[in-house]
Structure formats: structure tokens, C-alpha cells
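Have a look at the structure below before the remarks.
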Amino acid sequence: MVFATCSELFFGTTTEDGEMCVYDLLDLDYVDVVVICVEKLKNKELVERLVRKAIDGGKPVITVDGEYEGAISTEFDYEMGFRNVVEHVLDKHNVRRPHIMAGIKDNSFSESRIDVFADVLRSRGIEFDRESMVSYGDFWSFPATEATKRLIAENRVPEAIICANDTMAVAVVNELITSGYKIPEDVIVTGFDGIDEIMMSNPKITSCMCSYDKAAERIAGIIGRCLGGEHIEGVVKIPPTMILSESCGCCGIKPVDAMRDYLDLSSRFFRYQNEEYNMYSLVAKAISCKSMEELSNIIRDSRFYDVDCALTPECFDERINPICTVDRGDAYGDKMIHFFCSDNTRYTDYTSFPRKDIFPHMNSILETTHPLLFFGLNYLNVPLGYVCFHFHSDDVANYSKVPQSVRALNNAIGGHRNIRYHNYLQNRVEEIYKLDNLTGLYNRNGFTKEFQRVINRAKENGNVISAALVDLDGLKIINDTYGHDEGDNAIRTAAEAFRLSAPKDAVCVRFGGDEMMAVYEGHLDETALRNAITSLLDSYNASSGKPYLVSASVGVYICGDPDGIEFDDLVKESDKLMYFEKRKKKTSRIHEKHTT
């Protein structure tokens with residue numbers, strides 16, 4: 001199981017935190033040995049944390065290219081490798097005026113190579129002069145080319161230029177040939193690293209390679225010894241391998257099949273272009289889709305293969321701000337949601353599962369004979385989840401496209417979350433804008449569109465329009481006697497009773513202080529509405545403990561022809577009927593008083 005990041009975590013920026021979340025998946029319950037490639041994982045604090053976690057969990061931990069207390073350290077013997085190159089040039093080719101193209105001035109790697117160069121020279125009786133024998137190419141092409149130009153311009157071209165890495169060696173060879181020098185007849189040039197470009201150079205360049213194949217073999221042996229109970233201490237050195245070739249006069253390297261390599265590179269380049277377009281299309285589609293389920297299907301259909309993805313529950317909640325990190329113990333929490341699987345034979349139902357399981361079907365994934373590659377997903381440094389690539393072949397192109405795929409998923413999922421959250425906020429603003437703050441009914445502005453929809457439906461269906469107007473009884477007395485807060489309470493109570501009593505399809509609006517209306521397509525039973533409101537208010541009055549009673553008067557107007565009807569017309573007609581009821585109530589109360 002390989003846990004990795006797309007970047008090397010070198011710069012220590014906050015944007016790298018989201019990538020590092022993948023290491024929270026490392027569960028020592030299912031780990032036998034932890035191997036950390038320090039050269040590829042350049043965050044020292046993270047490496048120390050992982051080493052300490054493994055040791056505290058009682059697991060052997062092996063570091064590659066880095067020494068950490070408590071770990072079994074393996075590292076390439078760069079010093080021996082570079083010494084072998086310098087000794088080969090001096091002893092095999094009898095060079096007495098060598099020059100070193102070092103890296104960055106005062107850089108530890110660069111200074112180490114200079115020290116080796118000087119030591120070999122002195123051991124051969126050759127005086128080392130830093131001023132004349134050292135140039136700095138900054139480990140890169142352009143500075144190395146400029147440094148070579150200065151040697152040529154100052155007529156100081158040596159018998160051999162020993163470069164601290166291959167990139168500079170390729171640049172030095174090209175500049176010398178351009179200036180009319182023959183390699184190796186006039187000048188011997190060597191590199192260090194063993195990158196592919198030295199095979200494409202003309203002439204091919206002698207170098208020294210730190211072989212990861214050798215490192216893997218050595219580490220596999222150490223793992224076997226650890227699992228056998230052996231205690232291993234100290235640093236295990238891995239010797240580099242010399243690559244003898246044309247730039248020093250040796251031709252030990254196999255001929256390069258240029259046509260095969262060209263076709264391979266061409267195929268990979270055009271494949272990359274095609275997949276880059278597909279990833280771009282995925283992001284564009286993701287932003288426009290309507291749901292996470294739709295997004296999952298789009299990703300599954302975007303030529304992803306041998307991959308599973310799990311997301312945090314927050315990704316499915318449109319109410320959560322996607323740029324805010326949830327405060328919890330680690331990046332992901334205890335529960336995850338299986339978002340998609342490229343294998344369509346597996347069913348993804350978006351239900352949660354324990355994070356410690358990694359995936360619901362982890363056992364079937366583990367059956368593959370190839371490595372499982374885990375990457376954290378994040379957007380704007382906020383953890384989204386994680387993805388696992390479990391390829392069924394050793395095609396290097398599959399592994400080369402992983403960072404491209406991870407970034408596309410980050411942008412697709414993160415961009416989609418942003419759009420959904422934006423839409424949610426927009427809908428909430430619209431809801432707030434069209435609803436009355438006190439009662440939760442439509443305000444006059446929000447009611448206008450809904451009113452027109454009811455009118456249009458009634459026209460299409462040849463139906464009548466019912467308008468029910470409700471007005472609170474005795475609001476002024478409540479306000480004057482008990483205060484406006486109690487008046488608001490009475491309005492809110494009456495509005496709630498009105499909303500619950502009106503038909504579900506009715507559109508309710510508060511358009512005045514205590515005046516509310518419901519518009520409904522079809523015949524509204526005035527008696528049933530009045531009785532329902534009265535029943536709810538009576539129930540409230542019986543238990544509220546308030547020193548006043550909340551009651552309301554109702555007027556229902558039926559409009560037989562909705563064509564051309566205006567809201568104000570409905571208010572006017574239903575208002576008449578409502579006041580008719582108010583007068584009846586008032587007359588009834590006066591009659592009751594006189595009778596008493």
C-alpha cells in the first residue's frame with residue numbers, strides 16, 4: 001500500500017496540508033513495515049511524525065535517503081558513486097587537467113561532490129585549485145551552458161568536465177559541440193544520476209546511476225529480516241552503478257533504439273494530450289451537474305479505470321461552506337462515503353462506512369497483485385477524501401497519469417461543491433427576500449410570482465380562484481395593553497394557525513400589519529377553514545398562559561373568472577366578507593353583554 005502526494009511537500013506552504021491528509025489513512029493495525037522515501041517526501045516534520053508513529057506502534061520503519069532516530073536507514077552512497085566517476089576519468093583515461101561543473105554554490109550536495117573531486121585529485125598527486133577547477137551550473141541546463149561558455153571564452157577548456165548531475169552534462173556537451181569541440185577526443189564529459197536523456201544525447205554520456213531497483217531489492221531483504229525477528233541497526237548503504245558510455249571514450253552501453261523510443265514518447269505525448277482534454281471536460285461537466293450522484297456517474301464515465309474514491313460526508317451537504325475545514329481529530333473523521341468505483345460491477349450507494357475500513361470492499365481490492373496507490377483529495381486546502389488506484393498492469397503510463405487524475409478529481413469535486421454551495425446560498429437569500437420575517441409567510445414581493453402561477457394554472461384548468469383573508473381581532477388593544485412584542489406574538493400565532501389550516505397548495509401572504517391572505521385554485525370551504533383556525537387558536541389560548549386571547553376573522557371570496565383578476569381585487573372583495581364577520585362578532589359580543 002503506497003501513500004503519496006502529487007507534490008514533494010518541499011515549500012512548506014499551507015496549500016500542502018490538504019495533500020498530507022492522506023497519511024492519516026496509515027493504520028498500523030494492517031501494516032507490517034513502514035518504508036518512507038525521504039528523497040520524495042521532503043517535509044522533515046511529516047517524516048519525523050510518521051517515523052515516531054510507526055515506532056510507537058511497534059512496527060519496523062525503514063527510511064530511504066535519510067537518517068532518523070529509531071529507523072533503519074538506507075541511503076545511496078552518492079559519495080562512492082561520484083568518487084567512482086572521478087577515479088574512472090583520471091585512471092582509465094589518464095586525465096590530469098579535470099574540471100568540475102558543480103551545482104548550486106554552498107549547497108550541501110554540491111559541496112560534497114567538490115570535496116570528493118578534490119580528494120581524488122590529491123590522492124593522485126594533482127593539486128586542487130578551487131578558483132580554476134570549479135564552475136557552478138546550479139544543477140540546471142541554462143547556468144551550466146553559461147558556465148561552459150565562460151570556460152571557452154577564457155580559453156580554459158580542460159581535458160575533462162565532470163558534472164555533478166546529468167542535466168548539466170547534457171548542456172555542457174551541447175555547448176562544446178556547438179563551439180566546435182569533439183567529445184571525447186577534445187574534452188571528456190561525464191554526468192551523475194542516470195537519467196534517460198543521457199541515452200538520447202549524441203554522444204551518449206557516461207554517468208553513475210542510483211538504482212531504485214537495487215534499493216528495492218536491498219529493502220525487501222531488510223523487510224524479510226525484520227519480519228523474521230532480527231533487530232537491525234545503523235545505516236545500510238546502497239552502492240550506485242557506473243554507466244560507461246561514449247562521452248568518456250568507453251562504449252559499454254547498449255545501442256539505443258531511437259525509433260522505438262521516439263514512437264514510445266510520441267504515443268505517450270499524444271495520450272497525455274488526449275487525457276488532458278478529457279480531464280478538462282470532466283471539470284467543465286462537474287460544475288454544471290445538479291447532484292453528487294450525477295457527478296459520480298460523470299467521473300465513472302470519464303475514462304477512469306482501476307480506481308475507487310471515498311469522500312467526507314461534508315462533501316454531500318450543500319449547507320457546509322466548502323472552503324472551511326471541519327474541526328475534528330484528523331482530516332477525515334470516523335465515517336466516509338463511497339463516492340464512486342470505476343468497476344461498474346460494484347454498486348455504489350453513497351452510504352457511509354467506517355473510515356478504518358478504507359473502502360467497503362477493501363478485501364477485493366487487496367486481491368490485486370499490484371501496488372495500491374492512495375492519494376488525498378483536497379480543494380483549496382480543504383480535505384475532500386481520498387482515492388485509491390489499483391492498476392492491473394505494470395504500464396508506466398498508468399502511474400504517470402496519476403497526478404493528472406488526482407488534480408482533475410480535486411477540481412471536479414471541489415468546483416462542484418462550490419457551485420452547489422453558491423446555489424444553496426442564492427436560494428437561501430431568495431427565500432429570505434420573499435418571506436415575511438415575522439410569520440414565515442410570503443411577503444408582498446415574494447407572493448407576486450406565486451400568485452401569477454396560481455392564476456395561470458386556474459386559467460389552464462378552467463378553475464375558480466378562492467381568496468381567504470384573515471385579520472387578527474383586537475390587535476390594537478393587545479399592543480396598547482401588553483406591548484408590541486405581545487402583538488407580534490399574536491400575529492405570529494394567528495399566521496401559523498392560518499398556514500396549517502389552509503390547503504397545502506394555497507399560497508399564503510402577509511401584506512399588512514395583521515392582514516394575511518391565502519390564494520387557492522379551486523373552491524375553498526370557508527366554514528371548514530374558519531373552524532380549523534378557531535380550533536388551533538382555542539388550543540393555543542388554553543395553554544399559552546397569556547393574559548389575552550388570540551382570535552381572527554375570516555373572509556373567503558370565490559372568483560369564477562380568474563382572467564384579468566388582480567391581487568387588489570381579491571383583497572377588496574375578501575376584505576368586505578372578513579369585515580362582515582368582524583361586525584357579526586362585535587354585534588354578538590354587544591348582545592351577550594346586554595343579555596348579561
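The values are calculated or read from the model by the stated rules, or taken from the named source; none is laboratory data. Because the structure is a prediction, the values reported are computed rather than measured. Here the Cβ is made from the backbone with ideal geometry for all residues, glycine too, and neighbour counts use every protein chain on show. Areas reflect the complete protein model, heavy atoms only, side chains present, ligands, DNA and RNA absent. Shrake-Rupley method; radii C 1.70, N 1.55, O 1.52, S 1.80 Å.
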Here the residues within the stretch 372-420 that are of a type in the set (Gly, Ala, Ser) and in contact with a strand residue (DSSP E or B) (Cβ under 8 Å, 6 or more places away or on another chain) are 376, 385, 405, 414, 415
When the residues of the stretch 387-402 are filtered to those that are at pLDDT below 90 and open to solvent by less than 50 Å² (accessible area, probe 1.4 Å), which remaining residue is farthest from the chain's Cα centre (by Cα)? 393
Residues that are exposed (fewer than 15 other Cβ atoms within 10 Å of the Cβ) and either of a type in the set (Gly, Ala, Ser) or over 27 Å from the mean Cα position of the chain (by Cα) (or both), drawn from the stretch 18-39: 32
Mind listing whichever residues of the stretch 115-133 are surrounded by fewer than 19 Cβ atoms within 10 Å (Cβ to Cβ) and either touching a Pro at 6+ places or on another chain (Cβ under 6 Å) or farther than 15 Å from residue 83 by Cβ (or both)? 125, 127, 129, 130, 131, 132
Qualifying residue in the stretch 412-430 (condition: open to solvent by 70 Å² or more (accessible area, probe 1.4 Å) and either over 31 Å from the mean Cα position of the chain (by Cα) or in contact (Cβ under 8 Å) with a residue 40 or more places away in the chain (or both)): no
Between a first residue in the stretch 432-454 that is among the polar types (S, T, N, Q) and a second residue that is part of a helix (DSSP H, G or I) and open to solvent by less than 40 Å² (accessible area, probe 1.4 Å), which pairs have beta carbons less than 6 Å apart while being 6 or more apart in sequence or on different chains? 439/495
Regarding residue 454, is this residue within 26 Å of residue 3 (Cα to Cα) and open to solvent by less than 40 Å² (accessible area, probe 1.4 Å)? no
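Considering every residue within the stretch 185-198, establish whether at least one is open to solvent by less than 60 Å² (accessible area, probe 1.4 Å), in contact (Cβ under 8 Å) with a residue 12 or more places away in the chain and more than 20 Å from residue 102 (Cα to Cα).
Of the stretch 185-198, the ones open to solvent by less than 60 Å² (accessible area, probe 1.4 Å) are 187-192, 194-195, 198.
So of that shortlist, the ones also in contact (Cβ under 8 Å) with a residue 12 or more places away in the chain come out as 187-192, 194-195, 198.
Narrowing further to those that are more than 20 Å from residue 102 (Cα to Cα): none.
No, there is no match, as no residue in the stretch 185-198 is open to solvent by less than 60 Å² (accessible area, probe 1.4 Å), in contact (Cβ under 8 Å) with a residue 12 or more places away in the chain and more than 20 Å from residue 102 (Cα to Cα).
When you look at residue 112, is it in a helix (DSSP H, G or I), open to solvent by less than 60 Å² (accessible area, probe 1.4 Å), farther than 19 Å from residue 193 by Cβ and hydroxyl-bearing (Ser, Thr, Tyr), yes or no? Talk me through it step by step, then tell me what you get.
On the way: in a helix (DSSP H, G or I): yes; open to solvent by less than 60 Å² (accessible area, probe 1.4 Å): yes; farther than 19 Å from residue 193 by Cβ: no; hydroxyl-bearing (Ser, Thr, Tyr): yes.
Considered against the rule, which asks whether it is in a helix (DSSP H, G or I), open to solvent by less than 60 Å² (accessible area, probe 1.4 Å), farther than 19 Å from residue 193 by Cβ and hydroxyl-bearing (Ser, Thr, Tyr), residue 112 comes out as no.
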Please identify the pairs in which a residue from the stretch 223-241 that is closer than 15 Å to residue 58 by Cα and touching a residue at least 40 places away in the same chain (Cβ under 8 Å) has its Cβ atom under 9 Å from the Cβ atom of a residue that is in a loop (DSSP other than H, G, I, E, B) and open to solvent by less than 50 Å² (accessible area, probe 1.4 Å), counting only partners at least 6 apart or on another chain. 223/33; 223/60; 226/33; 226/60; 226/232; 227/33; 227/60; 232/60
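Considering only the stretch 228-242, I want to know if a residue exists there that is aliphatic (A, V, I, L, M), in a helix (DSSP H, G or I) and either buried (at least 19 other Cβ atoms within 10 Å of the Cβ) or touching an Asp or Glu at 6+ places or on another chain (Cβ under 8 Å) (or both).
Looking through the stretch 228-242, none of the residues is aliphatic (A, V, I, L, M), in a helix (DSSP H, G or I) and either buried (at least 19 other Cβ atoms within 10 Å of the Cβ) or touching an Asp or Glu at 6+ places or on another chain (Cβ under 8 Å) (or both).
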Within the stretch 170-190, which residues are of a type outside the set (S, T, N, Q), in contact with a helix residue (DSSP H, G or I) (Cβ under 8 Å, 6 or more places away or on another chain) and within 22 Å of residue 262 (Cβ to Cβ)? 170, 171, 173
Kindly list, by first and then second residue, each pair from a residue in the stretch 462-483 that is closer than 16 Å to residue 553 by Cα to a residue that is in a loop (DSSP other than H, G, I, E, B) and among the aliphatic types (A, V, I, L, M), limited to pairs with Cβ atoms under 7 Å and residues at least 6 apart or on different chains. 468/502; 468/524
Counting only residues that are open to solvent by less than 70 Å² (accessible area, probe 1.4 Å) and either of a type in the set (Ser, Thr, Tyr) or touching a Cys at 6+ places or on another chain (Cβ under 9 Å) (or both), the stretch 5-17 contains a total of 3
For the stretch 410-436 the number of residues that are of a type outside the set (Lys, Arg) and over 26 Å from residue 16 (Cβ atoms) is 13
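Looking only at strands (runs of 3 or more DSSP E) that lie completely in the stretch 491-577, which have at least 3 residues being open to solvent by less than 10 Å² (accessible area, probe 1.4 Å)?
Qualifying strands (runs of 3 or more DSSP E): 515-521, 552-559.
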Between a first residue in the stretch 296-315 that is in a helix (DSSP H, G or I) and a second residue that is open to solvent by 10 Å² or more (accessible area, probe 1.4 Å) and among the charged types (D, E, K, R), which pairs have beta carbons less than 8 Å apart while being 6 or more apart in sequence or on different chains? 298/285; 313/335; 315/417
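Based on this model, can you work out whether residue 95 counts as at pLDDT 95 or above, crowded, with 16+ Cβ neighbours inside 10 Å and part of a loop (DSSP other than H, G, I, E, B)?
Details: at pLDDT 95 or above: yes; crowded, with 16+ Cβ neighbours inside 10 Å: yes; part of a loop (DSSP other than H, G, I, E, B): yes.
So residue 95 fits the description; yes.
Among the residues of the stretch 40-63, how many are among the β-branched types (Val, Ile, Thr), under 22 Å from residue 221 (Cβ atoms) and either open to solvent by less than 10 Å² (accessible area, probe 1.4 Å) or touching a His at 6+ places or on another chain (Cβ under 7 Å) (or both)? Write out each step before concluding.
From the stretch 40-63, those among the β-branched types (Val, Ile, Thr) are 47, 51, 55, 61-63; that's our starting set.
Applying the additional criterion that residues be under 22 Å from residue 221 (Cβ atoms) yields 51, 55, 61-63.
This time we only want the ones that are either open to solvent by less than 10 Å² (accessible area, probe 1.4 Å) or touching a His at 6+ places or on another chain (Cβ under 7 Å) (or both), so: 51, 61-63.
Counting residues in the stretch 40-63 that are among the β-branched types (Val, Ile, Thr), under 22 Å from residue 221 (Cβ atoms) and either open to solvent by less than 10 Å² (accessible area, probe 1.4 Å) or touching a His at 6+ places or on another chain (Cβ under 7 Å) (or both) gives 4.
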All-but-one check, residue 162 against (1) outside any helix (DSSP H, G or I); (2) farther than 19 Å from residue 83 by Cα; (3) among the hydrophobic types (A, V, I, L, M, F, W, C), failing number (2)
Of the residues that make up the stretch 135-147, is at least one assigned to a helix (DSSP H, G or I), more than 18 Å from residue 189 (Cβ to Cβ) and touching a residue at least 12 places away in the same chain (Cβ under 8 Å)? no
Looking for something part of a loop (DSSP other than H, G, I, E, B) and surrounded by 22 or more Cβ atoms within 10 Å (Cβ to Cβ) - is there at least one such residue anywhere in the stretch 457-470? no
